[in-house]
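Notes follow the structure.
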């Protein structure tokens, strides 16, 4: 059975801190790993990673995939209160049969 | 360009009642999905439709039925609602083309369903 495990499940930090969110996976047919940010409503896309060792960056957010060790991390530097959200990791087998999600990391940034 | 539209946004049902959640997309995407999200559980796939005319079970299909009415619309039906079906339901679409189709997922804004 395909599995995506995120850690920690929740995290509280102060504004300005750097956080690292973890995602490990055990899947039979890996094609890509995705990160989403979910605030009050629908998940919004952050990154898609398909190749090992290549960092994707967008402003203060970055992510990297290790296909040998089967994990990915999402880094957020200089955190702001607007970064407070649930961060979801998901994998795709590349077909049309949907994404498999982890349970998410609930990140709270305190002023 | 509305993207993915779900109706209703909120619903309260009594145990045993039935209802249909509607999802419509104007993105001309081939694949459509229904997920449910419970606290601390991430999103779990209920049913999906890879293309018009086909539907398949996902991880948690029990208690639900779906209809892919046409390319635009994919509905989710609860025949006899149970409190365990209290959840937030998301419809999503995917273009179904290209080498890395996963990037093309688009989510609706969700339906919050409470069964009492």
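The values are calculated or read from the model by the stated rules, or taken from the named source; none is laboratory data. Keep in mind it's a predicted model, so treat the numbers as computed, not measured. Note that we place each Cβ from the backbone using ideal geometry, even for glycine, and neighbour counts take in every protein chain shown.
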Exercise. Does residue B:37 qualify as being surrounded by 15 or more Cβ atoms within 10 Å (Cβ to Cβ), more than 10 Å from chain A (Cβ to nearest Cβ) and either under 30 Å from residue A:85 (Cα atoms) or free of Cβ contacts under 8 Å to residues at least 40 places away in the same chain (or both)?
Worked result: no
Problem set entry | Any pair with Cβ under 7 angstrom, 6 or more apart, that starts in segment B:89-110 at a residue that is at the interface with chain A (Cβ under 8 Å from one of its Cβ atoms) and ends at one that is at pLDDT below 60 and buried (at least 18 other Cβ atoms within 10 Å of the Cβ) | B:94/B:101
Exercise. Quick check, is residue B:27 in contact (Cβ under 8 Å) with a residue 40 or more places away in the chain and surrounded by fewer than 20 Cβ atoms within 10 Å (Cβ to Cβ)?
Worked result: yes
Exercise. Name the residues in segment B:47-76 that are under 18 Å from residue A:93 (Cβ atoms), more than 9 Å from chain A (Cβ to nearest Cβ) and buried (at least 19 other Cβ atoms within 10 Å of the Cβ), would you?
Worked result: B:47
Exercise. Within segment A:75-97, is there a residue that is free of Cβ contacts under 8 Å to residues at least 12 places away in the same chain and over 28 Å from residue B:4 (Cα atoms)?
Worked result: no
For this session: At least 3 residues that are surrounded by 21 or more Cβ atoms within 10 Å (Cβ to Cβ) and facing another protein chain (nearest Cβ under 9 Å) in each: list the strands (runs of 3 or more DSSP E) lying fully within segment A:60-111 that qualify.
Result: A:85-92, A:99-101
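Are any of the residues in segment A:26-38 over 28 Å from residue B:109 (Cβ atoms) and buried (at least 17 other Cβ atoms within 10 Å of the Cβ)?
Checking segment A:26-38: at least one residue is over 28 Å from residue B:109 (Cβ atoms) and buried (at least 17 other Cβ atoms within 10 Å of the Cβ).
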For this session: Inspect segment A:46-56 for any residue being within 22 Å of residue B:94 (Cβ to Cβ), part of a loop (DSSP other than H, G, I, E, B) and in contact with a strand residue (DSSP E or B) (Cβ under 9 Å, 6 or more places away or on another chain) and give the result as yes or no.
Result: yes
Problem set entry | segment A:8-29, residues that are at pLDDT below 90 and out of contact with any strand residue (DSSP E or B) (no Cβ under 6 Å at 6 or more places or on another chain) | A:28, A:29
Exercise. Of all residues in segment A:2-22 being assigned to a strand (DSSP E or B) and within 11 Å of chain B (Cβ to nearest Cβ), which is surrounded by the most Cβ atoms within 10 Å (Cβ to Cβ)?
Worked result: A:6
